[in-house]
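K.L.:
For reference, the structure I am asking about is given below.
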Amino acid sequence: MAEALKIPAHQPTTVGVMLREEFLEPLGITQGELAKAMGVGRKTVNELCGGRRGVTAETAFLLAKVLGTTPEFWLNLQLINDMWLAQHSEVLAGKLEHARALVAA
């Protein structure tokens, strides 16, 4: 049986921060070089680094290939961030208050 996802109390490291601080800067790779290696536009990488674009399955495979990681690393990082943001969303909290269960838990 799969283990429940553990959402941290503090905001987790974002994909953009991880890319910049753990890969690009230490390895001396520019956003343009990463984009070229991935076969995507520089704008795509810039949006990832700036937190304006999320990681898709396709992007996860490309990042894994060019940075020597796994696609799961990038997808899990994205998922944890998405879940944390949703958990701390006042808009979602309001929606949850008005949602009603259709089946017993």
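Derivation of every value follows stated rules applied to the coordinates shown; laboratory data play no part. All values reported here derive from a predicted model rather than from experimental measurement. Counting neighbours? That spans all protein chains shown, and the Cβs are built from the backbone with ideal geometry, glycine included.
K.L.:
How many residues does segment 77-105 contain that are within 15 Å of the chain's Cα centre (by Cα) and either aliphatic (A, V, I, L, M) or surrounded by 15 or more Cβ atoms within 10 Å (Cβ to Cβ) (or both)?
P.N.:
9
K.L.:
Still on this structure, I have one more. For L77, which of the numbered conditions (1) under 21 Å from H10 (Cβ atoms); (2) not in a helix (DSSP H, G or I) fails to hold?
P.N.:
Condition not satisfied by L77: (2).
K.L.:
Okay, moving on. Among the candidates V40, V55, V45, which residue alone is of a type in the set (A, V, I, L, M) and under 16 Å from T13 (Cβ atoms)? Steps first, please.
P.N.:
Details: V40 fails: under 16 Å from T13 (Cβ atoms); V45 fails: under 16 Å from T13 (Cβ atoms).
On inspection, the qualifying residue turns out to be V55.
K.L.:
Any residue in segment 19-30 that is under 15 Å from G68 (Cβ atoms) and in contact (Cβ under 8 Å) with a residue 12 or more places away in the chain sitting within a Cβ distance under 7 Å of a residue that is outside any helix (DSSP H, G or I) and not basic (K, R)? List the pairs, counting only those 6 or more apart or interchain.
P.N.:
Pairs that qualify, where the first residue is under 15 Å from G68 (Cβ atoms) and in contact (Cβ under 8 Å) with a residue 12 or more places away in the chain and the partner is outside any helix (DSSP H, G or I) and not basic (K, R), are F23/I29.
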